[in-house]
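Since the structure comes first, as C-alpha cells, the remarks are kept for the end.
The values are calculated or read from the model by the stated rules, or taken from the named source; none is laboratory data. Only a predicted model underlies this, so the values are computations on that prediction, with no experimental measurement involved. For neighbour counting, all protein chains shown are included, and Cβ atoms are generated from backbone atoms with ideal geometry for every residue, glycine included.
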Amino acid sequence: MSQYTNDIAAIAKLRDTQGSKWEAINPEYAARMRAQNRFKTGLDIAKYTAKIMREDMAAYDANTAEYTQSLGCWHGFIGQQKLIAIKKHLGNTKRRYLYLSGWMVAALRSEFGPLPDQSMHEKTSVAALIEELYTFLRQADARELGGLFRQLDEARAQDDQAKAKEIQSKIDNFETHVVPIIADIDAGFGNEEATYLLAKKMIEAGACCIQIENQVSDEKQCGHQDGKVTVPHADFLAKIRAVRYAFLELGVEDGVIVARTDSLGAGLTKQIAVTKEPGDLGDLYNSFLDAEEVDAADMKNGDVIINRNGKLLRPKRLASGLFQFRKGTGEDRVVLDCITSLQNGADLLWIETEKPHVGQIAAMVNRIKEVVPDAKLVYNNSPSFNWTLNFRQQVFDAWKEAGKDVSAYDRANLMSEEYDNTELSKEADARIQTFQKDGSREAGIFHHLITLPTYHTAALSTDNLAKGYFGEQGMLAYVEGVQRKEIRQGIACVKHQNMAGSDMGDDHKEYFSGDAALKASGKDNTMNQFG
C-alpha cells in the first residue's frame, strides 16, 4: 500500500473520531495536500539531500562515470525551471544538483546593488536564497502532483480504471524536484564563530553541502581575480570544524563539507603562521614565503623576522602589509591544503584553477591521492574561462608537440571565427564535450558545476529580445523568438498563470468551498489558448 493510500486511510480514521464537525473534510483531499508538502522544514530537506550526496559519492568511488553535475542559480524560479527541465528531458534527477554561487548573490541579490565577489553583500542573503530555492522546488512538486490528481479525478469520472491505475502509479512513485544544493559560504564571513552561525542558518534553510574557501574573509576575492590572500591552515581548519559542529548540532550527521583552495592563484598571505616545531603545519605554510636570510645586525625598524631551522629570515612584505609567497609554489601549496583539509574533516575538495585543463588538475589530484586515495573534487566549469580559446590552444600545443603542421593557425588568434570550421576547432569542441567525462575519469572530479550560467543566458536572451522588439521586428521578436518556441518545445511557463500556482489555488478553493468555489480556470481563462 502506498504512502498516499495510507494517508487517506489514516486521515479518514482521524476524521471519524471528530464526529459531525469534520464531516465536510475529504480525507483524499487532505492526503493530497500532505503529498504536495512532503518536506516540512529545511532540516527535513538537508537530511534527505545529504543522504543522496553520500550515496552518489559512494557510487562515484565505485565507478568514475557516475559523476554529478549542477548549474548555478540566483533565484528560486531559475532553480525550479532547471529541475523541471531535467525531469522533462532526462526523466529523473539522478546525480543532478543545484549550485548556489556567492558571486551571483553578490552581483544580483544585495540591497547595495551589484557588488563584486568580495563578501561585501549581506551574509543572510545566502541562507535566504537557499530557502527560496527550496520553496520553488517544493512548489514544483505541488504543481506536478496537482496535475496528476486532476488527471486521476478525470479518469475516475470517465470510469477509465486502466487510466486511473496508471495515474495512481505515477502518484505513488513520484520523484521530487528537491535535490542537493552545494552552497557557497565564501570564506565564512568572519571568524570561526561567524562561520558557525551562518552555516547553521544555511543548514536550517536546507543546505546539505557547504563550500568554504581558504581566503582571508575580509580580503576575499573572486577565485578568478588577482589579489587573493590565503590564511594559515589552522585558521581554515577551525572554520571547517565550525561547519561540522553546525551540521551535528542540527542533526544532519552526514552533511557534506567542500574545502576550496585558492592557493594556485593566490600569491599572498596576511599573516605568518604560528609554528611550534619544525615540520608542523605552521612551519610548512611559512616555508613557502618569499624570504631572505639576514643577520641580526642587518634588521631594520619594523622588520618581521622568523627563525627557521636556526636561520633568521625576513619575509618579503608589501606596502599593503601582506606577505608574498615564492613564485612557482602554487601547486605544492594546493596539494598541502587539500591533504590537510581531508585529514581534518572535509569531505570534498575544490581546486580553483586558471584554466580548464584535465592534465593540470590530474597532476595535483594524483599527488593528493598518494596520501588520501579516495580524494574527490568539485570542479568549477567556470564562465570566467574562455573555453573556446583555451581548448583550441590546447589542441594547437598538442599537435605541435606531436610534430603536426600547425602553420595554418595563429595560436594567439584562435578565437577568430575563421577557424570555426577547421579540423583544429572540431577537435577542440570534441574535447570540450568530453571534458567532464575525462576530468571525472582522470582527475578525480566527482561534481562538475557551472557557477554563473543563468547570469549569462539571461543577458544573451534579453539582448536578442531587446534588439528585435525595439527594432524592426516589433512584437514578432517576442512571438517568434520566445512564445512560439515555448509552445513547440512544451515549456510549461507558456502557461505562466499555472506556473505561478493558479490551478493549485483552484484545487484548494474546491476543497474548502465545494461547489461554491470561484475558480480562475474557467472557459474565459486565456491560458486555455495554449491547450
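Just name the residue that is modelled with the lowest pLDDT out of those in the stretch 265-274 that are assigned to a loop (DSSP other than H, G, I, E, B) and crowded, with 20+ Cβ neighbours inside 10 Å.
Ala266
With respect to Ile45, determine if the residue is assigned to a helix (DSSP H, G or I) and of a type in the set (Val, Ile, Thr).
Answer is yes for this residue.
Could you please give the count of residues in the stretch 275-287 that are over 35 Å from the mean Cα position of the chain (by Cα) and outside any loop (DSSP other than H, G, I, E, B)?
0
Hand me the list of strands (runs of 3 or more DSSP E) wholly inside the stretch 288-345 holding 1 or more residues that are more than 30 Å from Ala363 (Cβ to Cβ) and of a type in the set (Lys, Arg).
311-315
All but one of (1) farther than 30 Å from Tyr379 by Cα; (2) surrounded by fewer than 16 Cβ atoms within 10 Å (Cβ to Cβ); (3) among the small types (Gly, Ala, Ser) hold for Ala35, so report the exception by its number.
Looking at each condition in turn, Ala35 falls short on (2).
With the structure loaded, tell me whether Ala291 is farther than 25 Å from Glu354 by Cα, in the same structural domain as Leu349 (by TED's automatic domain parsing), touching a residue at least 24 places away in the same chain (Cβ under 8 Å) and surrounded by 15 or more Cβ atoms within 10 Å (Cβ to Cβ) or whether it fails that test.
Here the answer is no, as Ala291 does not meet what is asked.
Being closer than 24 Å to Arg441 by Cβ, under 24 Å from the mean Cα position of the chain (by Cα) and small (Gly, Ala, Ser) is the requirement here; does Ala363 meet it?
no
I need the full set of residues from the stretch 13-30 which are assigned to a helix (DSSP H, G or I) and over 45 Å from the mean Cα position of the chain (by Cα), in order please.
Of everything in the stretch 13-30, those that are assigned to a helix (DSSP H, G or I) and over 45 Å from the mean Cα position of the chain (by Cα) turn out to be Asp16, Thr17, Gly19, Ser20, Lys21, Trp22.
Between Ala477, Ala443, Ala428, which is closer than 23 Å to Lys355 by Cβ and over 26 Å from the mean Cα position of the chain (by Cα)?
Ala428
Going by the structure shown, is Gly147 touching a residue at least 24 places away in the same chain (Cβ under 8 Å), part of a loop (DSSP other than H, G, I, E, B), in the same structural domain as Arg260 (by TED's automatic domain parsing) and surrounded by fewer than 18 Cβ atoms within 10 Å (Cβ to Cβ)?
In short, no.
Can you confirm whether Ala155 is among the aliphatic types (A, V, I, L, M) and surrounded by fewer than 15 Cβ atoms within 10 Å (Cβ to Cβ)?
The answer is no for Ala155.
Of everything in the stretch 64-81, what is within 26 Å of Gly439 (Cα to Cα) and more than 12 Å from the chain's Cα centre (by Cα)? Give them in sequence order.
Listed by number, the residues that qualify are Thr64, Ala65, Glu66, Tyr67.
Name the residues in the stretch 250-268 that are small (Gly, Ala, Ser) and more than 18 Å from Asn344 (Cβ to Cβ), would you?
Hits for the stretch 250-268 are Gly251, Gly265, Ala266, Gly267.
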